[in-house]
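Here's the structure, in structure tokens; my notes come after.
FYI, it's all coordinate maths here, none of it is from the lab. Since this is a predicted model, take the numbers as computed values, not measurements.
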Amino acid sequence: MNSNELSVLTLNCWGLKIVSKKRRFRLKAIADAISTAEYDIVTLQEIWMWEDFDYLKQQTQSTLPYAKCFYSGALGSGLAILSRFPIVSTSYFRYSLAGRPLKVLHGDFYVGKGCGSACIEHPDLGVLEVFTTHLHAGYGNSDEYEGHRVSESWELAHLLRASAAQGRHVIATGDFNSIPTSYNYQLLKAHAFMTDSWLEIHQDALTQNEGDGPTHDMVQQLGITCDSPMNTWTKREKLKQQPYSKTLGDRLDYIFYRKSTQLECLRSSVVMTEHIPGTQMSYSDHFGVLSTFAVYSDVPAMTTTTAADMPDTAQLGRPTYTWIEPSMLEQILELFRRDEIATRRTANLLLALFVFLVIAVIAVYATVIALPVSLRINEQGSLITAVVNTLGGLCVVAMAAFATICFIVGFVFGHTEQRALKQFALEVDTLLEGMKQQQHGGARRVPQKNPSPASSSDTEALLRFDQ
């Protein structure tokens, strides 16, 4: 079969204004590095400054002439796709749950997290739909946003299924803020039927290396993209000891693809691990992932024939067709229900605080009004009256403003979040019921042909070291 190659790069650029260190210098270095390489498609996350995107477009005009960014939220999605081939359409899907308004320093709520996609007209493949996303980050030791991230993966999995069901070739990239043993990873592999391009190439090597002690080289061997000792921007507190300990970082950035008879991964590696030339700093706080695919032009289109281990488009149209285990769906269902209870508790607390503040505003306001009368506005009481009026007025304004925030967040957003979690729980429960009905009706569930690392303890141990 005749084949060409398709190279795809994904990178989280860490392009936040003020927060990201040396942002302007690093983003220019990233743009320069991309412009001198021979990539066919580049997907980027955390590109939030227009000047950075404009410079990137300018530098890559000759190699990646088709560049699109995606608009969302108050601050922008930070997502962009660049292509050597024509981009004929774009779309953006905003996730239903992506952060909380009171978590201002986290910022996820205000960027309108979602998934951007571009349909690319490839000369051999036809329509290739490329997705890029940046799922909700985890903050601190307790992952309070796990439910949000799982809901995002659930929605993304359905987008990927729908695209593949239309007969398109599909590639999904980005910073998923999820390790390979997470529910999110499972949903993309076993429910969206996507193949992890890096793992496809390196899984045999991972099994062979089992039992080896952690080394510097294993950062590359394990596909580590974040919190690596090799990265100059990794916070020192994330490294328990020196030299390199078992805390080698996490694999959070991926290039998934729908494997077919026309598209197959040849090579995949972690890239941009070196320092910016002439400096002692990394390009970003994440490393990139580069996957190269073989594109076969003289085989039937994927609408009629697919790879042996991939479902065809007719199967993708069946909602109950999935490789994900019912036990994992039940765990996801429990997670949604648990988060819904926690969200309701928080919303009720904010509403109770709202009632308390309203009562306090009335009490303070009454004091400010009644004080001049009680002092009979004489010379001795005029100073006290002025001070109380001033401080009382400021307190009334502050409490009224905070009460308004509590009401809006507690009632409007709180109820919105609860109902979204209930809806996700309903969808998962409906899928479980549909799978049970098929089994009871004699329908045979297709066995999982591509087991994921979450069901393989050998691979799990190598995909992430305990911290």
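Just list whichever of LYS17/LYS113; LYS68/LYS113; LYS21/LYS235; LYS21/LYS57; LYS28/LYS235; LYS189/LYS259 have alpha carbons separated by over 19 Å in the model shown.
Cα-Cα > 19 Å for LYS21/LYS57; LYS28/LYS235; rest within.
List the residues, sorted by chain then number, that are 5 or more residues from ARG267 or on another chain and whose placed amide H is less than 5 Å from its amide H.
Distant-sequence amide H within range of ARG267: THR292.
Long-range amide H contacts for ASN12: which residues qualify at under 5 Å (H placed 1.01 Å from N, peptide plane, sequence gap of 5 or more or a different chain)?
Excluding prolines and chain starts, which carry no amide H, the hits are GLN45.
I need the phi-derived Karplus couplings for segment 322-329: 6.51 cos²θ - 1.76 cosθ + 1.60, θ = phi - 60°, integer Hz, Gly and Pro marked x.
So the J values, rounded to whole Hz, are 7, 9, 6, 6, x, 4, 6, 4.
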